[in-house]
Amino acid sequence: MMSAQWSGPLPPPGALAQFNDIIPNGAERIMVMVEQEQAHRIAHETKELHAATSDFRRGHWMGAIIALSCVAGATYTAYIGAHWAVSIALVGLPITALAGKLFSRK
């Protein structure tokens, strides 16, 4: 009894020759399958990379909008004469979030 194994998408050249003996164009069919699988993997990883980049950009824009809204709200509450704590709370929210993100070790 004999067994053989290999790792990776391609069998060793000797096994490819044996596939050609057993199945017409067996080695060519295996090569086409490996090339298609590699192309699929590259396309999938590219889509994943673009999705992650898009998520990061969206997060940055949303954070900037929230921070600017808080600063605008603090300015408005100070302008209309609301209690000073309201303005401090509205400015403190984005500053605290930013400081937490800057000094975290993740």
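A short reminder: the numbers here are calculations on the coordinates, not readings from a lab. Since we're looking at a predicted model, the values are computed, not measured. Quick reminder, even Gly has a Cβ in these numbers, built from the backbone with ideal geometry, and neighbours come from all protein chains shown.
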Consider R57 carefully, then state whether it is surrounded by 13 or more Cβ atoms within 10 Å (Cβ to Cβ) and among the basic types (K, R). no
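What number of residues within the range 34-83 are among the hydrophobic types (A, V, I, L, M, F, W, C), more than 30 Å from P12 (Cβ to Cβ) and over 14 Å from the mean Cα position of the chain (by Cα)?
We begin by selecting, within the range 34-83, every residue among the hydrophobic types (A, V, I, L, M, F, W, C); these are 34, 39, 42-43, 49, 51-52, 56, 61-62, 64-68, 70-72, 74, 78, 80, 82.
So of that shortlist, the ones also more than 30 Å from P12 (Cβ to Cβ) come out as 49, 51-52, 56, 61-62, 64-68, 70-72, 74, 78, 80, 82.
Now narrow it down to the ones that are over 14 Å from the mean Cα position of the chain (by Cα): 61-62, 64-68, 70-72, 74, 78, 80, 82.
Counting residues in the range 34-83 that are among the hydrophobic types (A, V, I, L, M, F, W, C), more than 30 Å from P12 (Cβ to Cβ) and over 14 Å from the mean Cα position of the chain (by Cα) gives 14.
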Of all helices (runs of 4 or more DSSP H) fully inside the range 8-106, the set with 1 or more residues that are hydroxyl-bearing (S, T, Y) is 26-80, 84-103
